[in-house]
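Here the structure is laid out as structure tokens; the discussion comes afterwards.
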Amino acid sequence: MTRNARSILEINNNSKDHLTVEQIYNCLKEKNKVVLATVYNNLSYLCEQGLIRKISVDGYSDRYDKIEKHDHLICKKCGKISDIILEDLTSKLQNQTDISILSYELKLNYICDECLDNENPSS
């Protein structure tokens with residue numbers, strides 16, 4: 001693994017947020033001289049190796065996240081992504097589909113409190 005890939009993995013795994021390519025690039029360029037294409041290439045490599053995961057949400061930039069098992073809440077208004085820990089559904093899904101499931105990603109769409117507050121401001 002290259003030095004840049006290790007640095008990107010460290011940035012991703014130490015973040016409490018779901019970072020975009022641009023956010024990762026800005027963090028990385030503080031430590032190393034790097035171009036944006038290098039960040040894209042290394043993120044692709046890290047995803048292929050199963051070391052990080054990409055979260056895609058229609059209408060928003062892709063985000064990157066840790067591999068540890070968790071699911072996501074995604075606000076349909078602002079695109080905010082939050083982690084949520086739910087019961088593992090693998091066995092239930094396998095029983096319903098009659099196939100062996102390697103993994104799954106669950107994204108729950110909702111409207112976050114901040115967007116709800118903006119829709120219904122208190123007088």
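Values as computed for the structure displayed
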| quantity | calculated |
| --- | --- |
| Normalised alpha carbon radius of gyration of segment 69-123 [divisor 2.2 N^0.38 Å] | 1.55 |
| Additional length obtainable on full extension of the chain from E10 to K54, 0.36 nm per residue less Cα span | 14.3 nm |
| Label assignment, mean projected area of the Cα convex hull in nm² derived from the structure, set (1) 8.9; (2) 10.3; (3) 7.5 | (2) |
| Around K29: net Lys/Arg minus Asp/Glu count, Cβ-Cβ under 15 Å | 0 |
| All Cα pairs of segment 14-77, percent lying beyond 14 Å | 60 percent |
| Inter-probe distance in nm under a simple model that places probes 7 Å from Cα toward Cβ, at E30 and E119 | 3.5 nm |
| Estimated FRET transfer efficiency when R0 is 35 angstrom, pair T20-D98 (beta carbons, to 0.05) | 0.35 |
| Relative contact order computed over segment 13-123 (Cα-Cα under 8 Å; 6+ residues apart), in percent | 21 percent |
| Neighbourhood charge, 15 Å Cβ-Cβ cut-off, centred on I8 and excluding it, Lys, Arg +1 and Asp, Glu -1 | +2 |
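Bear in mind these aren't lab numbers, they're just calculated from the coordinates by the rules spelled out. Predicted model only: the values in this text are computed from it and were never measured. Note that each Cβ is placed from the backbone with ideal geometry, even for glycine, and that neighbours are counted across all protein chains shown.
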